[in-house]
Amino acid sequence: MAARKANRGESMAKSAFFCKAVGAATAMPGMAVLAAGWLTLLPPAGRGLPADAAAVRLEPGEHPAAHAARIESSGDRAKLIFELSAPVDATAFVLADPDRVIVDLPQTDFALDPETGKAAHSPAGLIASYRFGQLAPGKSRVVIDLGAPALVLRAACDKSDSDGPTRLVIELAKTDRRSFQAAAQSARIRLAALAQPKKPQTPEPESAKPVIMVDPGHGGIDHGAMVKGLIEKELVFDFAKAVAAKLDADGRFKVVMTRDDDSFVPLSERVRMARDKNAALFVSIHADTLSSAADVSGATVYTVSDRASDAEAARVAEKENQSDAAAGLDKTEDASDVSGILFDLTRRETRAYSHFFAHTLVNYWRIACRLNKNPRRSAGFRVLKAPDVPSVLLELGYLSNEKDVLALTSAQWRDTASSQVAEAIKAFFAARESGATVTKTDPNLAPVGKIPSAGP
Ligand SMILES: [Zn+2]
């Protein structure tokens, strides 16, 4: 059936905590409630392929497809099972803080509703939720958020009979906190050893035009907010493309996107890209959701600050900062958290430009679109931490609010709203070129001098 076979020759585990997938192990029990006490949680009906699409012969360049997922639980154990069109090699490990199981796979097409694992809640409480998707070209990943400390017993493909689909079985067993921490620490050391040193970038030739970096939030395995079939990473990508197209059409800017497809880009990488490209402005696009308050609506423009402007801003920053953890990345030190007098001066000036642009954006946005009742806020957003690139984060609205959803899913609204963003950017650079002065916009900020011209 499959063009590619799982590598059965591999040793079962390179270390106690890195399970390398091998072929058939145990025959899997059936679905529904099972004799051995395994309870199956069926995923919500979604975008899955029909069951007869299971037996697919892979052509060269084609990837295995996952077309169903379910959880089976028994006592202190839980299994997350994906039905696949072909076997894959899987590598599994655990990470702490937040507690997760990571399963790395070769590129796999997940023909599943992205909301499938949103709130899985296996009866044993081991699997709180899970997600899946692309991590990097050629690499896919499953991330399981743990409800209790667990170890991976196996992450391997098996097949119940010759006609049935291949199943990737990720089997977890509850453990104590100490054993879990030891496993996570072991994985962390191994990951650090495997990490490739970043190749030094050849400096970009200075662009004759100001570089605008448009950053569609999330991507790949990190879906962002998901409400009733609306996926943040998709909505914000369409919006970012619309903004980029309008700026491109203007001709005065060089526009760069942090991602131009549905791929995952770590937060620090987005910051690095902006700095490497000598971006003159970084605009991150997101969409919020607030399940407890469906009446909260409208766009909000955020800038970075050491202390959050209010509790709501702190909540949003915390959520957006989880992007890397959602994709199963280990905690990384923020390279931008260095200090020094020169650094502080640069950062202070950059923040003044960020505030100036944020105000400009709010003023342009209000001409044609709805704003949150407190549309200018600040908090510790990691993606806005480039010390030398003015950066803002625009939350387009709330996926939990009906009016906002109507707007965000309307092509006409997208056209209008993206025009306002493009106009705000043009106004910002026009002000810089005219030598306008950034005034004090934040009690923590000292006023700075003349804005330098945008051009070379
Ligand atoms: Zn977001």
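Based on what the data block shows, is ALA128 aliphatic (A, V, I, L, M) and open to solvent by 10 Å² or more (accessible area, probe 1.4 Å)?
Numbers: aliphatic (A, V, I, L, M): yes; open to solvent by 10 Å² or more (accessible area, probe 1.4 Å): yes.
Taking the combined requirement at face value, the residue satisfies it.
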Problem - Lone unmet requirement of (1) surrounded by 19 or more Cβ atoms within 10 Å (Cβ to Cβ); (2) hydrophobic (A, V, I, L, M, F, W, C); (3) in a helix (DSSP H, G or I) for VAL255 - result: (3)
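Residue check: is LEU361 under 24 Å from PHE253 (Cα atoms) and outside any helix (DSSP H, G or I)? Explain how you work it out, then say what you get.
Working: under 24 Å from PHE253 (Cα atoms): yes; outside any helix (DSSP H, G or I): no.
Criteria not met by LEU361.
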Exercise for the section: Say whether the condition of being in a helix (DSSP H, G or I), hydrophobic (A, V, I, L, M, F, W, C), more than 16 Å from the ligand (Cβ to nearest atom) and within 22 Å of the chain's Cα centre (by Cα) is met by at least one residue in region 279-286. Expected result: no
Completion exercise
In region 287-298, anything away from the ligand (no atom under 16 Å from the Cβ), open to solvent by 30 Å² or more (accessible area, probe 1.4 Å) and either small (Gly, Ala, Ser) or not in a loop (DSSP other than H, G, I, E, B) (or both) is listed as SER292, ALA294
Completion exercise
Selection from region 299-318 of residues within 16 Å of the ligand (Cβ to nearest atom), outside any strand (DSSP E or B) and open to solvent by less than 60 Å² (accessible area, probe 1.4 Å) yields GLU312, ALA313, ALA314, VAL316, ALA317
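Which of the strands (runs of 3 or more DSSP E) contained wholly in region 140-251 include at least 1 residues that are surrounded by 19 or more Cβ atoms within 10 Å (Cβ to Cβ) and modelled with pLDDT under 95? First the steps, then the outcome.
Details: elements: 150-159, 166-174, 211-216.
Where strands (runs of 3 or more DSSP E) fall fully within region 140-251 and carry at least 1 residues being surrounded by 19 or more Cβ atoms within 10 Å (Cβ to Cβ) and modelled with pLDDT under 95, they are 150-159, 166-174.
The values are calculated or read from the model by the stated rules, or taken from the named source; none is laboratory data. Since we're looking at a predicted model, the values are computed, not measured. No Cβ is skipped: glycine too gets one built from the backbone with ideal geometry, and neighbour counts run over all protein chains shown. When the accessible area is computed, the model is the full protein with side chains, heavy atoms only, and any ligands, DNA or RNA have been set aside. Shrake-Rupley method; radii C 1.70, N 1.55, O 1.52, S 1.80 Å.
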